[in-house]
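Undergrad: Before anything else, here's the structure in question.
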Amino acid sequence: MFDYLIVGAGYAGSVLAERLARGSGKKVLIIDRRNHIAGNAFDHYDEAGILVHKYGPHIFHTNSADVFNYLSIFTEWRPYEHRVQASVDGQLVPIPINLDTINRLYGLNLSSFELQEWFASVAEPRDRIRTSEDVVVSKVGRELYEKFFRGYTRKQWGLDPSELDSSVIARVPTRTNRDDRYFTDTYQAMPLRGYTRMFENMLDHPNIKIMLKTDYADIEDWVPHRELIYTGPVDEFFSFSYGKLPYRSLAFKHQTFDVPVFQPAPVVNYPNEHPYTRVTEFKYLTGQEHSKTSVVYEHPCDGGDPYYPVPRPENTEIYKKYQVLAEATPDVHFVGRLATYKYYNMDQVVAQALTLYARLSGTQRAEAAKVRMARVKPVATIPAKSGKNGREKSRDWRLGSGD
Ligand SMILES: Cc1cc2nc3c(=O)[nH]c(=O)nc-3n(C[C@H](O)[C@H](O)[C@H](O)COP(=O)(O)OP(=O)(O)OC[C@H]3O[C@@H](n4cnc5c(N)ncnc54)[C@H](O)[C@@H]3O)c2cc1C
């Protein structure tokens with residue numbers, strides 16, 4: 001008999017497994033239908049020996065000291081501030097739009113103060129902000145909207161910004177200074193040995209059993225457990241009784257090039273050219289040195305793995321019905337982005353899982369994140385030696401078939 005059956009070994013499931021086992025001595029079975037742990041944050045060494053993120057670039061950033069300190073038990077960090085450039089009018093310029101973006105694009109020499117006036121002169125005030133188009137045009141005007149936002153959003157969502165709720169582009173983070181960092185959070189860093197290694201350390205506890213390539217539907221009737229933590233899609237749990245919740249998906253095209261550097265920035269966005277939205281070069285993120293380099297192209301599509309909930313009012317209405325069912329289901333806890341049909345960053349899901357643990361264990365939220373050990377020992381079966389080309393030896397989560 002397990003105290004908890006946890007469906008999904010991403011952030012939501014793994015943080016709860018760790019806390020319940022290590023913090024409360026509970027016996028936990030965590031399952032995932034994929035052939036690896038770490039959910040969408042999964043990273044691995046590709047054929048060339050380069051550490052890549054299988055499901056697209058994952059950049060860790062948070063303002064929460066609690067979340068950062070909690071994860072720091074399971075990983076060391078590499079300081080990393082993310083930078084993105086956009087390919088517009090034949091040149092690469094910083095995004096979010098800053099002083100350099102405007103000066104380079106228009107051949108100007110504005111000061112920060114003058115740029116504020118410039119933005120005010122191009123902005124088209126709107127009485128009512130209803131759509132994503134309204135959000136952008138009212139802030140930076142139609143021309144920048146066309147150059148940076150319209151095409152990108154159309155590719156990303158398959159819809160024009162005028163058809164998308166204002167919450168999709170809730171904020172246009174324009175800067176009047178030269179700060180070209182993509183995020184401004186207090187803590188910005190990447191796990192030194194990768195996300196998967198961090199998850200391995202998290203789940204390394206005698207009370208935690210892991211079953212991969214295991215779908216909840218295949219075992220729900222025969223694994224005895226007291227409570228269930230479910231981090232999969234909420235509509236699937238209820239057999240799509242109110243219909244399918246729509247998601248936008250991505251097809252990832254990974255490629256390795258026989259050159260040490262492929263592009264001048266970690267990520268290059270293509271708002272107006274190509275069918276893909278952006279290209280990420282992983283060595284910038286990980287700091288790995290290698291004579292070759294690996295990149296990923298992101299092609300937005302419908303019908304693949306569920307990545308982005310589509311934020312339209314009719315979908316929120318469907319989700320609300322599932323939420324009522326979820327709240328009325330005893331001994332099942334719904335947590336994480338698929339179970340709550342909301343796009344969350346990694347740190348937000350960690351915080352959500354820690355909050356649920358506090359409730360389950362009857363502790364205060366601040367107490368709940370305290371791990372009673374200095375630092376988790378490296379997993380004994382996984383040698384930490386560097387291999388060929390700086391490749392970290394790690395368990396091969398690609399063993400077997402599956403994705
Ligand atoms: C392309 C992309 C880029 C992102 N970049 C960033 C970033 O830069 N920074 C950031 O902070 N966040 C980023 N995120 C968000 C981040 O991926 C999520 O916050 C995080 O993965 C959520 O964790 P989770 O546990 O809720 O879900 P997931 O990681 O999706 O884990 C859920 C797991 O449950 C499993 N599962 C589902 N149903 C079942 C079932 N029936 N049976 C068994 N297993 C099941 C799935 O296989 C999956 O492994 C990005 C997301 C995407 C899609």
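Undergrad: Out of curiosity, is Ser132 modelled with pLDDT under 95 and surrounded by 15 or more Cβ atoms within 10 Å (Cβ to Cβ)?
TA: yes
Undergrad: Next question, about the same structure. Among the residues of region 211-244, what is the count of those that are among the aliphatic types (A, V, I, L, M), surrounded by fewer than 18 Cβ atoms within 10 Å (Cβ to Cβ) and in a strand (DSSP E or B)?
TA: So the count comes out to 1.
Undergrad: So, in region 30-46, how many residues would count as being charged (D, E, K, R) and near the ligand (Cβ under 8 Å from one of its atoms)?
TA: Within region 30-46, residues that are charged (D, E, K, R) and near the ligand (Cβ under 8 Å from one of its atoms) number 3.
Undergrad: While we're on this one: Given (1) hydroxyl-bearing (Ser, Thr, Tyr); (2) under 30 Å from Tyr297 (Cβ atoms); (3) at pLDDT 95 or above, where does Ser121 come up short, assuming only one miss?
TA: For Ser121, the exception is condition (2).
Undergrad: Which members of region 191-229 meet the condition of being of a type in the set (A, V, I, L, M) and either in the same structural domain as Ser111 (by TED's automatic domain parsing) or without any contact (Cβ under 8 Å) to a residue 24 or more places away in the chain (or both)?
TA: Ala217
Undergrad: Assess whether Gly49 counts as being away from the ligand (no atom under 14 Å from the Cβ) and more than 24 Å from the chain's Cα centre (by Cα).
TA: Numbers: away from the ligand (no atom under 14 Å from the Cβ): yes; more than 24 Å from the chain's Cα centre (by Cα): no.
No; evaluated as a whole, the condition is false for this residue.
Undergrad: Okay, moving on. Here are Met198, Met190: which of them is over 30 Å from Ala120 (Cα atoms), part of a strand (DSSP E or B) and within 16 Å of the ligand (Cβ to nearest atom)? Please lay out each step first, then the result.
TA: Values: Met198 fails: part of a strand (DSSP E or B).
None of the other options fit; the residue is Met190.
Undergrad: Exactly one of (1) within 20 Å of Arg197 (Cα to Cα); (2) crowded, with 18+ Cβ neighbours inside 10 Å; (3) in contact with a Ser or Thr (Cβ under 6 Å, 6 or more places away or on another chain) is unmet by Val93. Its number?
TA: For Val93, the exception is condition (1).
Undergrad: A follow-up question, please. Residues that are among the acidic types (Asp, Glu) and in contact with a Leu (Cβ under 7 Å, 6 or more places away or on another chain): which strands (runs of 3 or more DSSP E) entirely in region 245-331 hold 1 or more of them? Show your work before the answer.
TA: Values: elements: 247-257, 267-269, 278-281, 293-302.
Once the strands (runs of 3 or more DSSP E) in region 245-331 are filtered for at least 1 residues that are among the acidic types (Asp, Glu) and in contact with a Leu (Cβ under 7 Å, 6 or more places away or on another chain), what remains is 293-302.
Undergrad: Moving on to the next point. Of all residues in region 241-290, which are touching a Ser or Thr at 6+ places or on another chain (Cβ under 7 Å), in contact (Cβ under 8 Å) with a residue 60 or more places away in the chain and not hydrophobic (A, V, I, L, M, F, W, C)?
TA: His254, Thr256, Pro266, Asn269, Tyr270, Glu273, Lys283 - these are the residues of region 241-290 that are touching a Ser or Thr at 6+ places or on another chain (Cβ under 7 Å), in contact (Cβ under 8 Å) with a residue 60 or more places away in the chain and not hydrophobic (A, V, I, L, M, F, W, C).
Undergrad: Would you pick out the residues in region 27-41 that are crowded, with 24+ Cβ neighbours inside 10 Å and more than 14 Å from Lys213 (Cβ to Cβ)?
TA: Val28, Ala38, Gly39
Undergrad: Filter region 54-75 for residues that are within 19 Å of Phe262 (Cα to Cα) and either more than 8 Å from the ligand (Cβ to nearest atom) or free of Cβ contacts under 8 Å to residues at least 40 places away in the same chain (or both) and give the result.
TA: Within region 54-75, just Lys54 meets the criteria.
The values are calculated or read from the model by the stated rules, or taken from the named source; none is laboratory data. Just so you know, these numbers come straight off a predicted model, no measurement behind them. With ideal geometry, Cβ positions are generated from the backbone for all residues, glycine too; neighbour counts draw on all protein chains shown.
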